[in-house]
Structure formats: structure tokens, C-alpha cells
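Please read the structure below before turning to the comments.
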Amino acid sequence: MKKILPLFLLIVYISNADLKFHYEKLNIDDIYGIVHNDNCILFYGNSSNFLKTNFFTSEWVNIQPVLEPLAIKKIRTDGNEFYGVYNQKYFFKLNENADLLETITLPDSLTDEIVDIYKLSNKYYMAFKDKVLAFNLDFQFFKEINIPDGIEISGLCYFRNSLLIATKNSKILKISPDNQDEVSVIDLYQRNLTDSNKTIRRFVNSNGYLYFISDSLIYKTNNLEVFEEIYSKTKLFDVNDDILYSITTGTIDTRFNYNQVLFYKNDGNGTKTISNNELDRYVTELFLMELNFINDDLIFAAGKDNSIIKSTNGGVTWEVLSNYEPKANVIWIDSLNGFFWNTKAKIFKTTNGGITWRPQLLTDKEIIKFKNKPFTAHFDEMANGVLFTNRVNTGYPNVMKTTDGGETFKIFRIEETANYSYSEFAPLVKYNNEYKLYFPSRFASWPYTLLFTFDEDINYKSKQLIDSLHLFSIKEYKNQYYALARDMRYDDGEKPDTCVYHILKSGEPGITWDTVITMRTLDTIINFMDIIDDYVYLGGIYWTGRTDTNSFGVLYRADLKNKSYKLLRFDNIGSYIKIVKWENKIITGSINGLYYSENSNNFNNIWKTIELPGYSPWALNEFQDNQLFSYGIGKDFIKFTFYEDTPVEEPGAEVIKMYNYPPYPQPANNRVSTEIYWDSRYDMQNAAITVHDYTGKTISKPGEISVNKMNVYHGEIIWDCSSVSSGVYFINIRLGGTTRTVPVVVGR
């Protein structure tokens, strides 16, 4: 089945009578491929999605050709369009700008895993483990190539009018398309070039020469008869102007645990180092798996954990564009800007909604002395903030601070807090011009919370004590501050069977709090608190045994008005790390999808589940502009975008339902599309569609707007915006007395 879709349809839409959203996976688990034409660069790996950018990385787009969580095996380009395959099921093509997609589901009879694909003038050759199939340009099956038995294929390449098949058997098969696809065998083992059954991989074509790796050695040939062994520092290489370049990473100075890029070239006169051993951004680990020259100066390398680095001067210096660590601590400034910090005290920032994460500069490379990861942080709306860690060695820093929006961080030591040990749930609150930092801790059997106060420049001011309580979550709500605290005292001198928690209230954060509700829960550790419409939602874990495998997620709700509480959920797949509200729904994450329910006074404990096959969005973040980010099991990082199904009403006119998904791409360049639904009694072909600028002036011209109907109630509206300058515009759609306005950003 063939489908031609604009890219905004490549994300997954979930729609029912109660909750509507779409979601997309943002991160690639391990990047192992980079491909480019004259318009853009694509990065792909062990994910069903890939990243697109231009040569100067001013814009990044996340693209997901199919909805299933499969790994892309290969993406290639013929210089114009891109084409690629998944493990078994799909073939896809993209136009030269990678913004129009054609997806084809392969026949059910093809059950083997796809290895590679290559397009010649009038055929697609698709390689499987032990066979090669040829398809015509409409991707109809053409024929099977007759290859020797016992061959295990590892890749494809085109060289000197022949299609080459790399194998895991120390052989290269040569297919001659001009001679009825006749197959011949080049046996490297028989030529004493390698041991038997060695994998041949990474073909690179340059200036009439073919380069490849076999048995950890790099070979060069111009005729497939004579093979020259080329020395390289590593097995990761690329060839530019017949010069072989290789790249690796390593720690240069043993005093500092951060990576540097080592870039080498071999021009036939030996291997020389050309990098200057300085990386613009300091990261803990870089595992590079692909190297790609865009031109003589611009080079990209990429690898595991979404790592992407770039050089603009031929490999002399390198800049880290992205690195990712799952399950890191995350804080969002808005829907585009956020931070995460990992277990080795590295700070990463995103400015494009989590598509790429850039390590931030540190004013002192001795950041390695920051031994423990930051446990608590506060950032303001300008992305300025501070991070604290717990007990550190004498003389070592325990605070990070940024005053330039997270571009650089200074590290220093505050002696008054440096030697205290506290839990991960240590609230940090900014009130007026002071920071309030709460340390839940204990001495022997005596529990307490220390309150440290700092001025706006993080100068120490005072230390106070809150006796017998561990206070570990503070939220501001209706000009009041509410705190969650665990009462660590025994009842009547005996250890209780239940845990006692208090919800506290104060007009300002400090040591004086009034008790609002006292809760006696199961043998539960409650860690998270969210306040929605006078209800306090409390999430935690209940242990039925001594191991995590016997734990259950629990969710309580406390009523601030009636001073009561109740258990809402108790199951073994919920996590309840975050509760958010959308319209009148409350939403939380789980191992297999999202839970949601009505947030009403007569709460009836009825929850609905939306399953997301292949993903586990168990750790939600804050809502940002109708967007919700989630970390899942493994390396899943998912963005949800919620939307309303609300018709626009005009007095005196017949009202119909009409709604649309956000336009794509944003910002737009030459064309933009929006998917739209309407009342099937009407025909969208009869709609009045115009485009206006921000002053209300109509700027659309005949022929610039088209409607692609997919069925009687659903289609897409396409606007050719190539003739307008950068700015904000509005597509106005009027049908059956209802008007829908779609804002569009054009940027060049």
C-alpha cells in the first residue's frame, strides 16, 4: 500500500471523545548513519525516526516515517531524493528537501530482515541476509538476483558500473546490471588478504577508488584486482579528495575526565593528527559510529546517545551539537528551552524542544571535582539558575551557577552546606530576592530538615532547623506555599505500621508552617506532589516485599477545602511521578501509556488508559504551551502535544465542527501544510481560503492554495508561501458559516 504524506502526518495522533493529542519520539538511541544532498543532512540510527538539519544547523526537525518503533536500517540519496528501509516492513522515499514522504509497506512474504538498499538508474536493489531482490521504480517486484549459497550479506555499494555486495564470508560479490545482473565472486581469503569468514563493511567511493574494511584493516582498490592496505588510527573513517580521514575520542589529560576528539588524515605519507585536542563543549562520553564530509571544511560525526559533533574548519576544531542521557534530571523553562544534568555533573541545554541537547560551557575544566550529580536546582524564566549537590570532599565545589541563560556555568563551594548529606528530594525555592534550600537529613535516629537561606548572588545568610520532619516538596498555589513532609516520629514510642505525612501551608517559605491535612498511608514512600484545583495529588511507591519487583505505584488525592484524602490508584504499572491537567482531565504516566480521568468533585475513581505500543511514558514533566515531555524505560524521550476539538462559532450563522492540526513545517520555507477535519455534510473544495498578514491584509494569490481531500471529512490545505517574506501569517478557512484561523510562521 502506497501512502504519500506531508511530514506533519508522520507523528502519531490519538483521538477519542475524551482526550486528543499527538506524540512523537524525539531522540535517536544510537546514530549510525549520516546522509546528505545539496539541501539537507539526515541523521538516523536505532529508532524509527531521524533528524534533519541544514548545513549550518540553524534548524533541526524530527521526522518519523512510520508509527511503529522500528529501527531504520539504511537511508541513501541519489543526489536528489532520499530513500530508505526499515528492518522488514517498510520502504520509504523523501523528496530533495526531505519534507514530502512516500511510504510503501512491503509484501508479507518478505519476512527476513533487510540489510541494505541501493538505487540504480531504473531499479532498487534490496539486500536481505542471504538474497538480493530487484524492484522497479514503482517498487513492484522485478526479480531475485542469483547469489551463491552460504553467503551472508553485510552491505551494498556501486563501483565502476557494478553493484558490489559485501559479505560476512570474506567475499565481495559483483553484480553487472548491464549484463543481466550476472554475479561474480571476489574472494579476499583466497588472495591472502584476510582470514576466512571475516565481515567486509563500510564501502567508501572516492575519485575512482574504493575503500572498505575487512578484518579491522582498511583496503583501497581501483580495479577490484589489486588491493592496497591503508593504515589508520581507527576503523571509523571517511575519504575526501582521495585522502583517508579517521576519528576517535579519548581523554587527553588524566586529571580531567572529559573527552577530546582525535582526528587524523592519511594522504599516503603516513597518518598525521590534525585536530588540536580541544573540544568546544566538554562531555563525559562520546561514542562515535559515523563520519561524514559535507565539503572540505564542514564535517559531521555522530554516534550513540544522540551524540553529534561538527567541524567547520576541516577537523582542526570540533563542537558538540548534541548528547543525550536517558532518565536524567530535567527542568523546562518553556516549550523550547530546558536543561538536564546527568550523574557526572554535566549540564545540557536544549533550545529546540528536546531534539538536540548541547553541553554547556564550564568556566573551570576542573568540573571533574564536582563529584556528585546536582540533586536540586532552580531556574528562572530567563534560564538563569543555580544547582546544588550534597556532601562533598573538603575543598571540592558543591554549587553550579549560570547568569547568562545557561550558556556558561561557574562552580564554587559554599562551606556552610558542603558537608551535609540530604535526599534527592531537597526543595529549592526562590522567594523575593532570596533562595531557600531545604535539606531533609537525620543524625542517628533524629530526623530533621535544615533550611539554608542565600541572597540572590548565592551568598550564605543563615541556617535554621525544622525538627522531626523531612520536608521534601514545596509548591506555590494561590499565593500560598504548600509543602509535603513526612513525620519521622514514632506513635506512642512504637514504630507505626503506616507512614504519617503532612500537607503544610505558609504565606511564605520558611520554618513556620501550619498543618492542613495529616495522612496515614500504607507502608509507602510518597515523593511527588502536584496541586490542581484545590486537590493535592501525591504519588509514591508501596513495597509488598524487599525488592523493587514487588513494588506498586500508589496515587493519593487530598482535598484542601474539605481536609480529606483518599487512595485513587494502586497498581504495578503506574509510576505517578507527575500529575498534569489538560482541560478538565488529569493525566499521569505508566509503563504502557497514559492514564487520565475527570478532575471533578464527585471523583468516581474511573480511569481510562491510552496505550502507546513500544513506549513507556512513565515520567512526565510540566506542561509547556500544550506540550508535555516524558522520559520512558530505556532511552525513550517523547513529546506529547494536546489539542482541543472546539468549533469556532459565529453569531447568526450555522455552526459546524472544524478543527486542524498544527501546520508543518514550522517555521515554513517554501510551502506549509495543515491537516483539517470538517463536517462531512460540507465539501472543503467549496471553502473560502485566504492568507492574511498580521495587519489583516490579504496576501494570498490565485494558485498558491490547494486542498488535498483524503475523504469526505478529512484532508490537507497546502499553501505555497515562497513569494512572501519572513514573518507571521494567518490561513483563514471559512466553510458553512464557520471560520478557522491557522497561524503560520515563515522563516528563511
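The values are calculated or read from the model by the stated rules, or taken from the named source; none is laboratory data. Given the structure is predicted, the values throughout are model-derived calculations rather than measurements. Every residue, glycine as well, gets a Cβ built from its backbone with ideal geometry; the counts of neighbours run over all protein chains shown. Note: accessible area is taken over every heavy atom of the protein model, side chains too, but ligands, DNA and RNA are not part of it. Shrake-Rupley method; radii C 1.70, N 1.55, O 1.52, S 1.80 Å.
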Scan around Lys74 for amide H atoms under 5 Å from its own, H built in the peptide plane at 1.01 Å from N, and keep only partners 5 or more places away or cross-chain.
Val85
Length-normalised contact order for the chain - Cα pairs under 8 Å, 6+ apart - percent
6
The answer for the range 572-631, accessible area per residue at 1.4 Å probe in Å², is 40
Compute the accessible area per residue over the range 56-142, keeping the other protein chains in place, probe 1.4 Å, unit Å².
42
nm² value of the averaged projected area, convex hull over the Cα atoms of the range 180-323
10.6
Taking R0 as 60 Å, what's the FRET efficiency between Asp38 and Glu476 from their Cβ-Cβ distance, rounded to 0.05?
0.70
Taking a 22 Å limit on the Cα-Cα distance, which of the listed pairs Lys220/Lys310; Lys131/Lys198; Lys478/Lys505 fall beyond it?
Lys220/Lys310
Could you give P(r) for the chain, binned at 10 Å from zero, as whole percent values over all Cα-Cα pairs?
2, 12, 19, 22, 19, 15, 8, 3, 0, 0
Unit charges at the beta carbon, dipole of the chain: most positive-side option, Leu156, Pro447, Leu224
Pro447
Zone residues, the range 197-221, relative to Tyr231, backbone N less than 16 Å from point 7 Å out along Cα-to-Cβ:
217-220
In terms of Cα to Cα distance under 14 Å, which aspartates and glutamates are near enough to Lys581, apart from those fewer than 8 places away along the same chain?
Asp18, Asp530, Asp533, Asp534, Glu598, Glu622, Asp625, Glu644
In the chain, carbon and sulfur make up what percent of the accessible area (probe 1.4 Å)?
44
Could you pull out the pairs from Lys578/Lys639; Lys436/Lys461; Lys89/Lys171; Lys608/Lys635; Lys52/Lys304; Lys20/Lys608 whose alpha carbons sit more than 19 Å apart here?
Lys89/Lys171; Lys608/Lys635
Pick out, in residue order, every one of the GluC sites (Glu not before Pro) in the range 230-326 that is DSSP loop and has at most 16 other C-beta atoms within 10 Å; say none if there are none.
Glu278
Need the list of aspartates and glutamates near Lys346 for cross-linking: C-alpha distance under 19 angstrom, and skip anything on the same chain fewer than eight residues off.
Asp253, Glu278, Asp280, Glu285, Asp305, Glu319, Glu325, Asp364, Glu366, Asp404, Glu407, Glu424
Computed over the range 428-481, the relative contact order (Cα-Cα under 8 Å, seq sep at least six) in percent reads 29
